[in-house]
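We did not get these values from a lab; they are worked out from the coordinates using the rules stated. Please read all numbers here as calculations on a predicted model, not as lab measurements. All Cβ positions, even for glycine, are placed from backbone atoms using ideal geometry, and neighbour counts span all protein chains on display.
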Amino acid sequence: MDTPYFLISLDTLNENIRAFQDALNTVWPGSILAYSVKTNALPWLLKHLKSRGVWAEAVSDEEYRLSLLCGYQSNIIFNGPIKGQKTFARALQSDAIVNIDSENDLLFLEELHPKTATVGLRVNVDPDMFAPEDIAYHEDGFRFGFSVENGAFRSALERITRSIEQPKIGLHLHCNTITRSIAAYKAIARFAARIVRTHAFSPSFIDMGG
């Protein structure tokens with residue numbers, strides 16, 4: 001057998017997708033299930049996931065282009081701090097969800113000044129809200145996103161609002177859990193609720209990836 005070799009059980013894959021979608025629809029109606037392209041970027045797999053109603057989540061220009069080649073158009077979440085400006089603009093114009101992760105993303109958005117766009121604002125999550133055993137790098141903190149504590153989140157939110165004439169703005173809160181503990185996601189949900197209350201902000205969506 002030649003390597004690398006990937007053996008995918010279609011029945012198991014479909015059952016996992018169905019179970020995940022059913023759980024989301026029961027607890028959070030209107031949820032979107034998205035697949036991380038970097039996890040396994042097999043074209044057949046991406047095409048199959050698309051046929052089952054699963055969105056693509058891309059974190060680079062290459063992953064975004066691969067998603068397009070596999071049939072995705074608007075059902076893409078564009079994440080990550082290394083987006084190219086041309087792909088960033090294309091994603092906005094295609095009605096993808098573009099998560100703003102960095103100062104560069106803000107500058108791209110301000111230069112483009114789109115009439116309408118759906119964007120998420122990534123929050124730099126304080127690791128102290130989690131149990132140390134749930135996350136991989138408690139002492140180093142999280143690298144990406146905008147801090148609520150130092151005012152960067154408020155500033156970024158105001159810049160996004162000024163840059164888009166008719167914005168749909170969501171919250172993006174990402175945590176690399178090592179235990180997959182439900183407690184970690186409950187902590188993120190409580191943090192999101194606190195941001196909504198303290199900033200008088202009504203997000204169009206909340207993205208709790210990771």
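Distant-in-sequence amide contacts of GLY84, defined by a placed amide H-H separation under 5 Å and a gap of 5 or more residues or a different chain, comprise ASP61. Taking the range 77-191 as the region of interest, the number of lysine pairs whose Cα atoms are within less than 24 Å, with members eight or more places apart or on different chains, is 5. Once the chain from ARG180 to ASP11 is taken as fully extended at 0.36 nm per residue, the excess over their C-alpha distance is 58.4 nm. For the chain, the membrane-span-like helix rule (DSSP H, alpha carbon extent of at least 18 Å along the helix axis, mean Kyte-Doolittle at least 0.0) picks out 182-198; this says nothing about an actual membrane. Spacing of the modelled spin labels on SER94 and GLN21, each 7 Å from Cα toward Cβ, amounts to 2.1 nm.
Label sites at PHE144 and GLU111, each approximated as a point 7 angstrom past Cα along Cα to Cβ, lie 2.0 nm apart. Amide hydrogen proximity for GLY120: with H placed 1.01 Å from N in the peptide plane, the residues at 5 or more positions away or on another chain lying under 5 Å are VAL98, ASN99, ILE100, GLY170.
For the pair the range 144-181 and the range 29-93, the centres of their Cα atoms are 20 angstrom apart.
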